[in-house]
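A quick write-up on the structure given underneath.
Laboratory data are not the source of any read-out in this text; all were calculated from the coordinates shown. Note that the structure is predicted; figures quoted are calculated from it, not measured. No Cβ is skipped: glycine too gets one built from the backbone with ideal geometry, and neighbour counts run over all protein chains shown.
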Amino acid sequence: MNPKFHLQILSLQGLVFDDLVESVYLTSEEGEFELLAFHHPLVATLIEGEIKIAGYSSVPIRLGVVSFRENRCYMIVEVDPNFKEMKESWDI
């Protein structure tokens with residue numbers, strides 16, 4: 001079993017995602033990068049693209065910020081308004 005970390009994604013409309021995950025791919029101005037469990041602490045801005053969560057559907061975003069520390073990852077994002085999948089169950 002691969003190690004996991006806590007991922008929480010928030011938008012101005014509410015909670016988008018909250019679960020333990022193995023990895024997440026993100027896009028910043030410097031390019032794409034992957035976060036894995038016990039990643040070195042970081043804070044970064046996110047540009048338009050997708051949050052690709054291992055084992056889950058991708059979340060298209062317009063922009064956001066990410067913080068990773070002590071095996072916890074938090075994101076505040078603007079979700080693409082055309083994204084409809086699971087919107088009702090995520091309450092955004």
In Hz, Karplus ³J(HN,Hα) per residue of the stretch 59-71 (6.51, -1.76, 1.60; θ = phi - 60°; x = Gly, Pro): 10, x, 10, 9, 5, x, 10, 10, 9, 10, 7, 6, 6
Mean shadow area of the stretch 1-50, taken as a quarter of the surface of its Cα convex hull (nm²): 4.1 nm²
Label-point gap, in nm, between VAL43 and VAL65 - each point 7 angstrom along Cα→Cβ: 0.6 nm
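Which whole-number percent gives the relative contact order of the chain, counting Cα pairs below 8 Å spaced six or more residues apart?
Details: 208 pairs, mean separation 27.6, N = 92.
Relative contact order here is 30 percent.
Given the DSSP H assignment, sum -39500 (n - 2.57) over each helix run of at least 4 residues in the chain and divide by its residue total; what's the result at 222 nm in deg cm²/dmol, nearest 500?
Values: 1 runs with 4 residues, N = 92.
Dividing the helical sum by the residues of the chain leaves -500 deg cm²/dmol.
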Among [x] 1.05; [y] 1.24; [z] 1.00, the entry that matches Cα Rg over 2.2 N^0.38 Å as calculated here: [z]
Charge tally in the Cβ shell below 12 Å around TYR25, where Lys, Arg are +1 and Asp, Glu are -1, TYR25 excluded: -3
